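The values are calculated or read from the model by the stated rules, or taken from the named source; none is laboratory data. Here the structure is a predicted model, which is why all the values come from computation and not from measurement. Backbone-built Cβ (ideal geometry, glycine too); neighbour counts: all protein chains shown.
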Amino acid sequence: MAVTDQATSLPDERLVELSLDGDEDAFGILVRRYQRRLTAFLGQLVGDLELARELSQEAFVRAWSALERFDPRYRFSTWLFRIAHNLGIDQLRRRRLQTVSLYRTDSEGDEVEVVVPDADKDPLGHLENHALASELRQVIDGLRPEYRELILLRHFAGLSYQEIAEFKGMPLGTVKNKLFRAHSVLRKALAVFL
Amino acid sequence: MATDCQAIQEILTEYRGETDRLEGTARHHFEVCPACREVAAAERTLGLIFADAVPPANAGVERGVMASLRPVRTRRRIVAFLPVAASLLVALLGATLVGGVPGGGIVRFLPGWSAQGWMAFVSSASDWGTAVATGARAVAATLDPAILAAAGLVGFLGLVGVAVTALRWRRVSPWRNED
């Protein structure tokens, strides 16, 4: 299939079908569609942009390899992000054995683990407003883990509430409520920028 | 009032501060509630901040992925062809065994289990095709008819297997992309 404007606007489901028929161009469209969000999500998850790019690449290759096992009743996006999430978590587990981690107190007084990113690999390093980048990093890292994960899925992975509910296996109402609470914390912490 | 505010602010949070989704009483509440209007404005800005926080696309990722697809596809083709090959072998085995069923007519040509027979068998082994067919007929000739019937069934199942697995293999076969 030649990559045309029409092809790039095909829904995920159709592109997955074409990919299953061995159409690499169709899979390439899926890669272009999701790579930015996948890298952003993984960047926040592992705290290292370079590593996030490697993991994104691996996630896509794994998705391509396992495409025949993809259940079309579910969304491709949630399946892909689940692969990426598992890769990220495995990476964190491995790295936890190799690095010293710091602890900080989150917005609700609980102690949470923080992995300090290398300045050159900072997933927010592209932001021109360094003060905002620094504050945003601290606020996200300081969120309760359950809120943090939902914020990453919503704003870095770009998933809809429905997709997040599917991804997490949570009722939609719970997702709405938790994200509302997480946003309340964010609005308060970032008030000076809002 | 507080409940109204939370319900409306949940909507504003979900839609990044866009107020289009508010209708009826919710819309009216929003118009007169400074707290909700403040949340809407903050959520709009927050949405922009998060949009900027997503790093730009990296061409290296796409290049790396696309370069990795071909070996995976080749492996997938081989893996998909294995059941086809296995089914073919089963079908051939069954067909070859069944080939010995007529017995009398064909068994005549089989080497007897004598020294001369074995010599004939060995001499014909120079031709692999003849050797395999002769060997299979020899085996078939010594088998019980019931086993031969089973061999027929094996051959039939092998053919069915070929048909089923070939359909799956066709999806990833090299010729598929030439369409």
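Of all residues in the stretch A:155-169, those satisfying the criterion of being surrounded by 22 or more Cβ atoms within 10 Å (Cβ to Cβ) and facing chain B (nearest Cβ under 10 Å) are A:H155, A:F156, A:A157. If the condition is being in a helix (DSSP H, G or I) and either in contact (Cβ under 8 Å) with a residue 24 or more places away in the chain or under 48 Å from the mean Cα position of the chain (by Cα) (or both), then the stretch B:19-34 contributes only B:H29. For the stretch A:160-177, the set of residues classified as of a type outside the set (A, V, I, L, M) and outside any loop (DSSP other than H, G, I, E, B) consists of A:Y161, A:Q162, A:E163, A:E166, A:F167, A:K168, A:G173, A:T174, A:K176, A:N177, listed by residue number. Quick check, is A:L172 crowded, with 19+ Cβ neighbours inside 10 Å and either more than 10 Å from chain B (Cβ to nearest Cβ) or on the phi < 0 side of the Ramachandran plot (or both)? Taking the combined requirement at face value, the residue does not satisfy it.
Among the residues making up the stretch A:124-159, those that are in a loop (DSSP other than H, G, I, E, B) and aliphatic (A, V, I, L, M) are A:L124, A:L127, A:L143, A:A157, A:L159. Among the conditions (1) surrounded by fewer than 20 Cβ atoms within 10 Å (Cβ to Cβ); (2) over 20 Å from A:L153 (Cα atoms); (3) touching a residue at least 24 places away in the same chain (Cβ under 8 Å), A:S65 misses just one, which is (3). Among the residues making up the stretch A:14-40, those that are within 18 Å of B:R77 (Cβ to Cβ) and facing another protein chain (nearest Cβ under 7 Å) are A:L20, A:D21, A:G22, A:E24, A:F27. The residue list B:F30, B:F50 contains one member that is over 30 Å from A:A59 (Cα atoms) and of a type in the set (F, W, Y), which is B:F30. Residues in the stretch A:183-194 that are at the interface with chain B (Cβ under 9 Å from one of its Cβ atoms), aliphatic (A, V, I, L, M) and either surrounded by fewer than 22 Cβ atoms within 10 Å (Cβ to Cβ) or farther than 19 Å from A:G47 by Cβ (or both): A:L190, A:A191, A:L194.
Each residue in the stretch A:137-164 was checked for being under 16 Å from A:I83 (Cα atoms) and either in contact with a Leu (Cβ under 6 Å, 6 or more places away or on another chain) or not aliphatic (A, V, I, L, M) (or both), and 7 of them qualify. Residues that are over 25 Å from A:A133 (Cβ atoms) and either touching a Pro at 6+ places or on another chain (Cβ under 9 Å) or surrounded by 23 or more Cβ atoms within 10 Å (Cβ to Cβ) (or both) within the stretch A:32-56 are absent altogether. The condition of being outside the structural domain of A:S77 (by TED's automatic domain parsing) and either more than 24 Å from B:A35 (Cα to Cα) or of a type outside the set (A, V, I, L, M, F, W, C) (or both) holds for only one of A:A133, A:A182, that being A:A133. The set of residues in the stretch A:126-144 being more than 8 Å from chain B (Cβ to nearest Cβ) and touching a Pro at 6+ places or on another chain (Cβ under 9 Å) consists of A:R137 alone.
Within the stretch B:18-66, the residues that satisfy the criterion of being surrounded by 14 or more Cβ atoms within 10 Å (Cβ to Cβ), away from chain A (no Cβ under 12 Å) and not β-branched (V, I, T) are B:E18, B:L22, B:A26, B:H29, B:F30, B:C33, B:C36, B:R37. Tell me, please, whether a residue that is under 21 Å from B:G64 (Cα atoms) and within 11 Å of chain B (Cβ to nearest Cβ) can be found in the stretch A:66-78. The answer is yes; a qualifying residue exists.
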